[in-house]
1. Out of 104, 165, report the one residue that is modelled with pLDDT under 95 and either surrounded by 19 or more Cβ atoms within 10 Å (Cβ to Cβ) or under 21 Å from residue 41 (Cα atoms) (or both).
2. Checking residue 88 against (1) modelled with pLDDT of 95 or more; (2) surrounded by fewer than 15 Cβ atoms within 10 Å (Cβ to Cβ); (3) assigned to a loop (DSSP other than H, G, I, E, B), which test does it fail?
3. Looking only at region 65-73, decide whether some residue is surrounded by 13 or more Cβ atoms within 10 Å (Cβ to Cβ) and part of a loop (DSSP other than H, G, I, E, B).
4. Just need a number here: residues in region 88-103 that are within 16 Å of the chain's Cα centre (by Cα) and either within 17 Å of residue 62 (Cα to Cα) or touching a residue at least 60 places away in the same chain (Cβ under 8 Å) (or both).
5. From (1) touching a residue at least 60 places away in the same chain (Cβ under 8 Å); (2) closer than 30 Å to residue 23 by Cα; (3) over 15 Å from the mean Cα position of the chain (by Cα), pick out the condition that doesn't hold for residue 144.
6. Looking only at residues that are within 13 Å of the chain's Cα centre (by Cα) and not in a strand (DSSP E or B) in region 20-61, which one is farthest from residue 153 (Cα to Cα)?
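The values are calculated or read from the model by the stated rules, or taken from the named source; none is laboratory data. Because the structure is a prediction, the values reported are computed rather than measured. Quick reminder, even Gly has a Cβ in these numbers, built from the backbone with ideal geometry, and neighbours come from all protein chains shown.
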């Protein structure tokens with residue numbers, strides 16, 4: 001039976017003598033500079049190399065533009081810029097992770113895809129209160145793995161109505177329009 005309080009969609013399976021064991025949840029990890037992040041593998045549609053985007057006037061600064069992916073118009077979000085870092089200067093080494101969240105398809109521009117990790121639900125730690133609700137909501141948890149820390153991205157907030165609905169509002173973080181020059 002699924003645990004409705006578990007944000008990672010894992011289920012508990014009973015085995016043998018009725019002992020409950022936790023199913024591991026998988027994440028694709030990627031890098032932005034020296035930092036490592038992860039997204040739910042079930043939301044990933046594909047991973048593709050960087051290609052030029054068509055800018056959209058008035059879009060938030062972190063939206064690089066759109067691409068045509070086999071007939072689907074996909075907005076490309078620069079995660080460096082969305083997370084408060086500088087805009088990415090994309091090269092052929094950068095990748096775009098195409099994700100599906102509900103009815104939305106979005107591309108996430110990242111430096112590189114690094115790994116697939118399997119994580120037990122109890123290994124996911126909460127985000128410490130840092131005084132910035134918007135930035136804290138971009139992450140859903142932290143996972144300590146050997147000598148590294150992986151920040152799990154909250155796709156529901158990042159791509160969901162809670163974030164992009166206000167993205168053009170001048171009072172909203174990162175709401176500056178994208179430049180009209182080709183990327």
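1. Values: 165 fails: either surrounded by 19 or more Cβ atoms within 10 Å (Cβ to Cβ) or under 21 Å from residue 41 (Cα atoms) (or both).
Selected residue: 104, the only one of 104, 165 that is modelled with pLDDT under 95 and either surrounded by 19 or more Cβ atoms within 10 Å (Cβ to Cβ) or under 21 Å from residue 41 (Cα atoms) (or both).
2. So residue 88 meets the others, but not (2).
3. Of region 65-73, the ones surrounded by 13 or more Cβ atoms within 10 Å (Cβ to Cβ) are 65-67, 69.
When the remaining residues are screened for being part of a loop (DSSP other than H, G, I, E, B), the result is none.
No, there is no match, as no residue in region 65-73 is surrounded by 13 or more Cβ atoms within 10 Å (Cβ to Cβ) and part of a loop (DSSP other than H, G, I, E, B).
4. 7
5. It fails just one condition, (1).
6. Ranking the candidates gives 42 first.
Each row is one residue, and each column tells you yes or no for (1) at pLDDT below 95; (2) assigned to a strand (DSSP E or B); (3) out of contact with any strand residue (DSSP E or B) (no Cβ under 8 Å at 6 or more places or on another chain).
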{"residue": "97", "(1), (2), (3)": "no, yes, no"}
{"residue": "113", "(1), (2), (3)": "no, yes, no"}
{"residue": "127", "(1), (2), (3)": "yes, no, no"}
{"residue": "140", "(1), (2), (3)": "yes, yes, no"}
